[in-house]
1. What length, rounded to one decimal in nm, is gained on full extension from residue 17 through to residue 68, with 0.36 nm per residue of separation minus their alpha-carbon distance?
2. Please list, in order, the residues from segment 32-63 whose amide nitrogen is less than 17 Å from a point placed 7 Å along the Cα→Cβ vector of residue 6.
3. Determine the calculated [θ] at 222 nm for the chain from helices alone, applying -39500 (n - 2.57) to every DSSP H run no shorter than 4 residues and normalising by the residue count; nearest 500 deg cm²/dmol.
4. Only one of the listed values, (1) 3, 10, 14, 14, 11, 9, 8, 8, 8, 5, 4, 3, 2, 0; (2) 3, 17, 32, 29, 14, 4, 0; (3) 4, 17, 24, 19, 13, 10, 6, 4, 2, 1, 0, was derived from the coordinates as P(r) over Cα pairs in 5 Å bins from 0, in percent; which label is it?
5. Label points 7 Å out from Cα along the Cβ direction at residue 41 and residue 53: separation in nm?
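Each value in this text was obtained by applying a stated rule to the coordinates, not by laboratory testing. Worth saying up front: this structure is predicted, and the values here are computed from it rather than measured. Every residue, glycine among them, receives a Cβ derived from its backbone with ideal geometry; neighbour counts consider all protein chains shown.
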Amino acid sequence: MTKFPSLKPREVEKILLQNGFSLKRQSGSHRIFYNSELNAVVVLPVHSREIPTGTLRSIVKQSRLSDDKFLKKR
């Protein structure tokens, strides 16, 4: 199991955009990204603090990317 670093929402957003995701819409403090190639939808909570590890793992799972591929784009 990969050890995830602490990431802020803007860092995760950058990773998603680099992996072909686009911002579909925003609902309050949550941004919804979509990748048509992977048919994947990712919900990203946008707060001022770092994203908790469990939430980050959920985001990676939603993105359908491997842990290594997701973290390599950092």
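1. Values: separation 51, 0.36 × 51 = 18.36 nm, distance 1.63 nm.
Working it through step by step, the gained length comes to 16.7 nm.
2. Residues 47-57 qualify, since their backbone N sits under 17 Å from the label point.
3. Working: 3 runs with 27 residues, N = 74.
My calculation for the chain gives -10500 deg cm²/dmol from helical runs alone.
4. Looking at P(r) over Cα pairs in 5 Å bins from 0, in percent for this model, the match is (2).
5. Using points 7 Å along Cα→Cβ, the separation is 3.0 nm.
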